[in-house]
Amino acid sequence: MTTMLDVAKRAGVSKATVSRVLAGHSYVSKTVRDRVMLAVDEMGYRPNLLARNLATNRSHSIGLMVPNTLYHGPFFTELLFQAATLTEQLGSQLVLADGKHNAEQERQAINFLVDSCCDAVIIYPRYLSVEDIDALIPTISKPLIVLNRRLKKFPQYSVCADHENDTLNAVNHLISKGHREIAFIKGMGSSHTGQSRLRGYISSLAGNGLEYDENLILEGCWTSESGRRAAEELLARDVTFSAIVASNDDMAIGAACALHAAGLRIPGDISLLSFDDIPVAPFFIPSLTTVHVPMAEMVSSALMQLSNMLDGEEVAPLSLMPGQLIIRDSIADGPYAR
């Protein structure tokens with residue numbers, strides 16, 4: 001079995017130098033680093049991770065807690081891909097924990113990641129409230145960042161998209177295109193993202209002197225099927241509308257199916273706007289006008305905050321991260337267009 005001492009002899013350096021190279025210390029020259037890594041490759045040496053972790057007090061792993069309600073659909077895929085990719089770039093492993101179905105199970109999943117000796121933890125909560133997380137942070141022994149929530153007591157430990165302002169700007173775009181009667185399909189009522197997007201919709205109407213009409217508000221739960229049911233209910237209400245805003249792309253796709261089944265054209269009869277910019281959005285017919293959520297930037301910022309905390313640095317609160325309205329083919333001029 002090849003040892004670190006064998007690698008040191010092969011590379012012509014000390015055992016301590018090999019240890020520094022494998023630990024990633026920057027004060028080893030590139031020439032020496034390359035020589036050590038060549039010896040590692042040639043000899044097939046595999047470091048003893050437990051020994052390395054004890055020596056450096058680091059496990060080189062980052063925990064990620066998500067509830068399993070996110071497992072279905074492309075949004076979770078994008079979150080997991082970005083987290084895994086960026087964690088790998090930092091030379092760490094990603095450890096995933098299932099937050100399951102309620103706040104207590106999310107809390108247990110976080111404790112599992114801490115007890116598993118992850119260096120730091122990222123959470124994407126569904127059930128834990130802002131107050132719950134603010135109370136939890138002082139009890140956690142490892143650095144923690146929450147995605148998609150704006151914390152009150154510890155804002156420096158959160159990274160969040162600007163869902164409300166993004167929605168306001170997106171609905172403003174619809175209004176500028178001549179739409180006034182705009183239906184809105186909500187996300188799940190307890191969802192932070194869903195609540196923020198509804199507030200943005202209401203703010204846009206108020207800012208443009210338009211009345212909020214409950215008859216144009218539909219319940220959804222992020223799935224395509226719920227979007228289809230919401231659009232069918234909207235059509236059954238026999239109210240006037242020229243556009244639908246769906247709180248995510250999946251619900252927009254379901255709504256589009258219901259409109260098509262009713263003989264309505266998109267965007268000729270009804271314009272359609274949504275959020276998330278999932279991979280299929282440009283290929284749907286018509287391609288979806290949607291707000292791109294900066295998931296890669298959010299995960300990158302979270303990991304940077306965690307890296308700074310692990311280095312003992314003070315971190316400042318981050319600004320809300322704006323999305324980008326991607327104009328495609330699902331919106332046409334409305335009945336009030338000039």
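The values are calculated or read from the model by the stated rules, or taken from the named source; none is laboratory data. Note that the coordinates shown come from a computational prediction; the quantities given were computed from them, not determined experimentally. Neighbour counts run over all protein chains shown; Cβ positions are idealised from the backbone, glycine included. Ligands, DNA and RNA are stripped out before the accessible areas are found, and what is left, the full protein with its side chains, is counted by its heavy atoms. Shrake-Rupley method; radii C 1.70, N 1.55, O 1.52, S 1.80 Å.
Here are the numbers:
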| item | result |
| --- | --- |
| Residue-averaged [θ]222 nm for the chain, counting only DSSP H segments that reach four residues, each worth -39500 (n - 2.57) | -13500 deg cm²/dmol |
| Under DSSP loop assignment and at most 14 Cβ neighbours within 10 Å, longest chymotrypsin sites (Phe, Trp or Tyr not before Pro)-free interval of the chain | 72-211 |
| Loop GluC sites (Glu not before Pro), segment 148-228, which have at most 11 other Cβ atoms in a 10 Å radius of their Cβ (DSSP) | Glu211 |
| Scattering profile of segment 163-293 at q = 0.10, 0.22 Å⁻¹ [log10 I(q)/I(0), Debye over alpha-carbon scatterers] | -0.25, -1.44 |
| Estimated inter-spin distance, Lys153 and Glu225, nm [label 7 Å along Cα→Cβ] | 4.0 nm |
| Angstrom value of the Kirkwood radius, inverse mean 1/r, which spans all Cα pairs in the chain | 22.4 Å |
| FRET efficiency estimate (nearest 0.05) - Cβ-Cβ, Phe112 to Ser203, R0 56 angstrom | 0.90 |
| Segment 163-293: relative contact order in percent, alpha carbon pairs under 8 Å with at least 6 residues between | 23 percent |
| Cα→Cβ-extended label distance, 7 Å offset, between Met37 and Ala84, nm | 2.3 nm |
| Modelled FRET efficiency - R0 30 Å, Ala16 with Asn308, Cβ distances, 0.05 increments | 0.60 |
| Accessible surface, per residue, of the chain when the full set of protein chains is kept, probe 1.4 Å, Å² | 48 Å² |
| Carbon plus sulfur fraction of accessible area for the chain, probe 1.4 Å, in percent | 53 percent |
| Kyte-Doolittle mean at least 0.5, axial Cα span of 20 Å or more - DSSP H helices of the chain | 295-310 |
